[in-house]
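Trainee: Can you keep this structure in mind? I'll have questions shortly.
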Amino acid sequence: MSNNQSQAQTTSTSRRRFLQSTAAVSTVTGLAGCITGSSTGSQANSLTFMQWSGEFGETAERVLKEPFEEEFDVTINQVPLPSPSDMLSKLQAGSADFDLVSHWDYTLYRGVQNDLFQEIPLGEVPNVRDRVRDQFNPTSVQYDPGNEPHHAPYSVSGWGMTYNSNAMDEPSSWQALLTDEMQDNVSLASWMSCWLGVAAKRAGVPFAEIPNRMDEIWAAIGEFDDASQTWWGTGQEMERLLTNESVLAGSFWFARTYRLRVDNDVPVRYTVPEEGAPAWIETYTIPNGVDESKKQLALEFIDYINREEVQERFGRELRYAVPYDFNDIPSDHIYNDHPELPLLNTERLEPMLQNIYNSNYNDYTNEFQQRTG
């Protein structure tokens, strides 16, 4: 899935500061390449970064990786993320060949539970520590269990509703997908991260009560299944359905919707219904086993990509919301008119509770397939 988002203040974490902080570290061989010494101590000058492929990865390479390499005179080897689950399997098998990885909140939770990621010292990433919104503070979110944070959030998106604006006025409720006129003109995502949260919001079930109220959620799934032409499995599939007007509405995310409308002239818009929608969070983590000099370079990269001006540049390319506050957003920037940013600290856009998601994943997935297959 995933596809795919002050200068004086934010540049305060310089390479010199990181070098000085690691002056006592011995030169070692890292997981992904060469580590060389410097006049102020031993410091990695290369890093292997596992990132999504496709449009998200291409944008990250152009907007995040390459400018960082130029500014700090280092090499970032960007390699594709096979899938979040495959990434965890590599770590569990002890075959990790990367120093930093971008992935979702649900694999973050599983990885922390299995002691696969290092703690992130927020004092060394001040652009995260000082700018992150309260709802996404790494020290207190439920999808990063433990006493200390193991991640830095980067972007956030919701499973809201995308609709054909020539065929529908802006819907205010998920009920809009269930009318007679919409019969077989609807498609929702077959991913549990989407359908479980959307059905819970439709049924009025708080996420914390999901295990005890699954009958209501399955009833909502039945309603959606009756209305749906199909349950889509990839973002590309939903793009095709919307572009061909094979369906007129369904669950999708804003960045893809925006691209269809602006770049491809497809008459689609995005909204978050009043009942709300589930959200996912893109996170950056450092695997256990990455040595200190590589970790310092990874922390430097995390701090860099969370500068205001870097996030604004990324947001112009890919329209994902970011869980950070801005001192000043340019008047022509998408963040001034982003449909999700005002909802980030509200229940309208709510991350799934990962203890419930992960502990019930197999049972709920099997039941969903039986009911919708």
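The values are calculated or read from the model by the stated rules, or taken from the named source; none is laboratory data. A quick note: this is a predicted structure, and the numbers were derived from the prediction, not measured. Positions of Cβ are backbone-derived with ideal geometry, glycine not excepted, and every protein chain shown enters the neighbour counts.
Trainee: Restricting attention to segment 31-62, and to residues there that are at pLDDT below 90 and part of a loop (DSSP other than H, G, I, E, B), which single residue is surrounded by the most Cβ atoms within 10 Å (Cβ to Cβ)?
Mentor: Across segment 31-62, the extreme among qualifying residues is ALA32.
Trainee: Of the residues LEU349, LEU341, only one is within 30 Å of VAL205 (Cβ to Cβ) and touching a Gly at 6+ places or on another chain (Cβ under 7 Å); which? Full working, then the answer.
Mentor: Details: LEU341 fails: touching a Gly at 6+ places or on another chain (Cβ under 7 Å).
The unique qualifying residue is LEU349.
Trainee: Looking for something crowded, with 17+ Cβ neighbours inside 10 Å and basic (Lys, Arg) - is there at least one such residue anywhere in segment 210-224?
Mentor: The answer is no, given that none of the residues of segment 210-224 is crowded, with 17+ Cβ neighbours inside 10 Å and basic (Lys, Arg).
Trainee: Of all residues being assigned to a loop (DSSP other than H, G, I, E, B) and among the polar types (S, T, N, Q) in segment 176-202, which is farthest from VAL272 (Cα to Cα)? Just the residue, please. Before you say what the answer is, go through the steps one by one.
Mentor: Taking segment 176-202 and keeping what is assigned to a loop (DSSP other than H, G, I, E, B), we get 179, 183-185, 190-191.
From what's left, among the polar types (S, T, N, Q): 179, 183, 185, 190.
Numbers: THR179: 18, GLN183: 21, ASN185: 19, SER190: 19 Å.
That would be GLN183.
Trainee: Of the residues that make up segment 229-238, is at least one of a type in the set (A, V, I, L, M, F, W, C) and either within 21 Å of LEU344 (Cα to Cα) or surrounded by fewer than 20 Cβ atoms within 10 Å (Cβ to Cβ) (or both)? Write out each step before concluding.
Mentor: Looking only at segment 229-238, we keep the residues that are of a type in the set (A, V, I, L, M, F, W, C), and these are 231-232, 238.
Then drop every residue that is not either within 21 Å of LEU344 (Cα to Cα) or surrounded by fewer than 20 Cβ atoms within 10 Å (Cβ to Cβ) (or both), which leaves none.
For segment 229-238, residues of a type in the set (A, V, I, L, M, F, W, C) and either within 21 Å of LEU344 (Cα to Cα) or surrounded by fewer than 20 Cβ atoms within 10 Å (Cβ to Cβ) (or both): absent.
Trainee: Sticking with this one: So which of GLU367, GLU312 ends up being at pLDDT 95 or above, of a type in the set (Asp, Glu) and either part of a loop (DSSP other than H, G, I, E, B) or on the phi < 0 side of the Ramachandran plot (or both)?
Mentor: On the way: GLU312 fails: at pLDDT 95 or above.
Result: GLU367 is the single residue among GLU367, GLU312 that is at pLDDT 95 or above, of a type in the set (Asp, Glu) and either part of a loop (DSSP other than H, G, I, E, B) or on the phi < 0 side of the Ramachandran plot (or both).
Trainee: I've got another one for you. Any idea which of PRO149, PRO138 is part of a loop (DSSP other than H, G, I, E, B) and over 20 Å from PHE49 (Cα atoms)?
Mentor: Numbers: PRO149 fails: over 20 Å from PHE49 (Cα atoms).
Selected residue: PRO138, the only one of PRO149, PRO138 that is part of a loop (DSSP other than H, G, I, E, B) and over 20 Å from PHE49 (Cα atoms).
Trainee: Could you say which residue among TYR320, TYR361, TYR357 is within 27 Å of SER190 (Cβ to Cβ), aromatic (Phe, Trp, Tyr) and surrounded by fewer than 21 Cβ atoms within 10 Å (Cβ to Cβ)? Spell out the reasoning first.
Mentor: On the way: TYR320 fails: surrounded by fewer than 21 Cβ atoms within 10 Å (Cβ to Cβ); TYR357 fails: surrounded by fewer than 21 Cβ atoms within 10 Å (Cβ to Cβ).
Matching residue, one of TYR320, TYR361, TYR357: TYR361.
Trainee: Return the residue satisfying two criteria in turn: it lies in segment 247-285 and is of a type in the set (Gly, Ala, Ser) and outside any strand (DSSP E or B), and of such residues it is surrounded by the most Cβ atoms within 10 Å (Cβ to Cβ). Steps first, please.
Mentor: As a first pass, look at segment 247-285 and keep what is of a type in the set (Gly, Ala, Ser): 249-251, 255, 276-277, 279.
Applying the additional criterion that residues be outside any strand (DSSP E or B) yields 255, 276.
Details: ALA255: 26, GLY276: 23.
Step by step, filter segment 247-285, then rank; the result is ALA255.
Trainee: Kindly evaluate ILE356 against the criterion of being outside the structural domain of TRP52 (by TED's automatic domain parsing), in contact with a helix residue (DSSP H, G or I) (Cβ under 6 Å, 6 or more places away or on another chain) and not basic (Lys, Arg). Give the derivation first.
Mentor: On the way: outside the structural domain of TRP52 (by TED's automatic domain parsing): yes; in contact with a helix residue (DSSP H, G or I) (Cβ under 6 Å, 6 or more places away or on another chain): yes; not basic (Lys, Arg): yes.
Here the answer is yes, as ILE356 does meet what is asked.
Trainee: Collect the residues in segment 110-135 that are under 21 Å from GLU350 (Cα atoms) and assigned to a loop (DSSP other than H, G, I, E, B), keeping them in residue-number order.
Mentor: Correct list: ARG131, ARG133.
Trainee: Condition first: touching a strand residue (DSSP E or B) at 6+ places or on another chain (Cβ under 6 Å), assigned to a loop (DSSP other than H, G, I, E, B) and buried (at least 18 other Cβ atoms within 10 Å of the Cβ). Can you find one or more residues in segment 342-353 that meet it?
Mentor: yes
Trainee: Can you tell me which residue among ASN336, ASN358 is closer than 26 Å to VAL112 by Cα and not in a loop (DSSP other than H, G, I, E, B)?
Mentor: On the way: ASN336 fails: closer than 26 Å to VAL112 by Cα.
Checking each option against the conditions leaves just ASN358.
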